[in-house]
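Engineer: Dumping the structure here so I can ask a few things about it.
The values are calculated or read from the model by the stated rules, or taken from the named source; none is laboratory data. These figures come from a predicted structure and were not determined experimentally. Don't worry about glycine lacking a Cβ; one is built from the backbone with ideal geometry, like all the others, and counts go over all protein chains shown. Accessible surface areas use protein heavy atoms only, side chains included; no ligands, DNA or RNA. Shrake-Rupley method; radii C 1.70, N 1.55, O 1.52, S 1.80 Å.
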Amino acid sequence: MSEISPKLVLQKKVTDMAKIQLKSDNINPFGGLFSIFSMFNRSGLRSVIDGHLGKRGATKAAFTHGDVFASLFGSYLCGGDCIEDVMDIKSFWDNREDIRVCSSDVILRTLRGLSEDSVFYESGQGKSYAFNVNERMNILLLKCLAATGQLNPGDCVDLDFDHQLIAADKKDAKYSYKKADGYFPGVASIGGLIAEVENRDGNANVRFHQADTLERLFNRLEKHARVVVRNFRADCGSFSEEIIVVVSSHCEHFYIRASNCQSRHAEFMEHEDWTEAEIGGQKCGVTSLRFDTMLPDMNLRLVVQRTPVTDEDPDAEPEGIFGAEYIYRCIVTNDWDSSERDIISYYNQRGASERNFDCQNNDFGLAHMPFSFLKENTVFLIATAILKNFYLHLLDVIGGRVKGLDRTARLKRFLRMFVIVPAKWTRSGRRNVLSLYTKRRVYLELGC
């Protein structure tokens, strides 16, 4: 028997394959955007943005600020990384049922027009540092949280504050101690919600004029959000007398990581009154001391945690630098009622707020900032913070209706489980009808 030629076998496999046809129907994979655009309008977010920022143009044909924010949001929800990616969704959605998707040029011009000049502070060494506050956009950030019910007058909130370097090769970016050019914004958060963004030069010390930043933050929260700050948490970048005075005047309790020093380290080594505790699955010793090194009249408390060096992760922060068998970590607070274990556990929860930076970088475009100057990129930072807060609102509303979606879901999962659904526009009864190819009724419930 003769052997079958490999060429004939390949031809038979091709013949047995399913037939492939190309269709020119205008079907879009992002049908879930319709429900999201509807929620954007019905939540009151669009009206708050337009009311606060005013008109963009003199004619009705001009895009509104609400159109700009919705278009940018839609781009990120469809997996876009840069503002220019909005052009990929524009043709399918524009002018459909009052949905107006802007071009990338319109978005860039609008954000640039919302910028405000920076303030320059001079240090004792004669160096000048740029700070960009943009009060107008930060007030809008709080108003948007109120519009969606995520922040309500009279709420008692826990506030976290931190600085994070955003590496960026921009024209006015400064070289940071983290060995990269970029900006060093101060960001305040309430849970996962971003409540303030103030941008600054990348080479500015985090303590430099931080008290002014926090004073503006607290005043804004009290005046425009009308909330009560119960607790304040921050890392050792906020450990200074001036900052503690400002914070203590606006909140009930504060918890700030205290910087370690050799004299304090020696005091810890001589201290004998330690209580054994287990925190975060790790056994350690805890104690409290009266903190008189600064502001002795405030009756401050120093909560100390010691962990054996042998139990530490190799990548742990190098605080045990004086050759002892323990690594000591300290928290300065005005809370004398809570136990050491409760205070340390509560402070460690601020790690959740630090994940905001990772989310903004990977999901909402911070890794691709569009402008060359600090003041314009500040607008972009606050605009994407507004979008991220609204995304959490979406998860709160949709999470209970779509299995697998909850408040911790990242944008990639949300895109796969809700946004991606085949859709096609048809014309019926002199109106546009969006046909969604899915059995889920959640799109009808949210898009009505």
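Engineer: Using a 1.4 angstrom probe with every protein chain in place, what is the largest-first accessible-area order of R416, R207?
Structural biologist: Order by accessible area, largest first: R416, R207.
Engineer: So, taking all protein chains as they sit and a 1.4 Å probe, how much accessible area belongs to E252, in Å² rounded to tens?
Structural biologist: Solvent-accessible area, nearest 10 Å²: 110 Å².
Engineer: Taking H placed 1.01 Å from N in the peptide plane, check which residues at least 5 places from Y255 or on another chain put their amide H under 5 Å from its amide H.
Structural biologist: F232, R233, A234
Engineer: Between Y326 and residues 5 or more places away or on another chain, which pairs have amide H atoms under 5 Å apart, with H built 1.01 Å from N, and which residues are they?
Structural biologist: Long-range HN contacts for Y326: V309.
Engineer: Something else: Taking the Cα centre of each part, how many Å lie between the stretch 105-142 and the stretch 198-265?
Structural biologist: 20 Å
Engineer: Given a 1.4 Å probe and heavy atoms of the protein chains only, how would you sort Y129, Y443, largest accessible area at the top?
Structural biologist: If we order Y129, Y443 from most to least accessible, we get Y129, Y443.
Engineer: From the square roots a ≥ b ≥ c of the eigenvalues of the alpha-carbon gyration tensor of the stretch 326-377, which class results: rounded (a/c under 1.5), prolate (a/b over b/c), or oblate? Don't jump to the answer; show the numbers that get you there.
Structural biologist: Numbers: a/c = 3.33, a/b = 2.87, b/c = 1.16.
The shape class here is prolate.
Engineer: How much accessible surface does T438 have with a 1.4 Å probe, in Å² rounded to 10?
Structural biologist: The accessible area comes out at roughly 60 Å².
Engineer: What number, in percent, do you get for the relative contact order of the chain if the mean sequence gap of Cα pairs under 8 Å and at least 6 apart is divided by its residue count?
Structural biologist: About 19 percent, as a whole number.
Engineer: Can you grab the distance from the C-alpha centre of the stretch 33-103 to the C-alpha centre of the stretch 394-417, Å, no decimals?
Structural biologist: So the separation of the two Cα centres works out to 21 Å.
Engineer: Could you compute how much accessible surface V229 exposes when probed at 1.4 Å, giving the result in Å² to the nearest 10?
Structural biologist: 10 Å²
Engineer: Can you list the residues, at least 5 places off or on another chain, whose amide H is less than 5 Å from the amide H of D181, using H built in the peptide plane?
Structural biologist: Residues meeting the criterion, in which the H sits 1.01 Å from N, are A168, S176.
Engineer: Holding the Cα-Cα limit at 27 Å, pick out from K174/K412; K412/K439; K55/K90; K127/K171; K23/K403 the pairs that are longer than that.
Structural biologist: Beyond 27 Å: K174/K412; K23/K403.
Engineer: I'd like to verify something in the chain: which complete DSSP H helices, judged by Cα projection on the helix axis, reach 30 Å or more and average at least 0.0 on the Kyte-Doolittle scale?
Structural biologist: Helix filter hits for the chain: 374-398.
Engineer: Using a Förster distance of 35 angstrom, determine the FRET efficiency expected from the C-beta separation of R407 and N348, and round it to 0.05.
Structural biologist: The pair R407/N348 has a calculated efficiency of 0.95.
Engineer: Taking +1 at the Cβ of each Lys and Arg and -1 at the Cβ of each Asp and Glu, which of V397, M294, T213 sits farthest along the dipole of the chain towards its positive end, judged by Cα position relative to the Cα centre?
Structural biologist: The Cα lying farthest towards the positive end belongs to V397.
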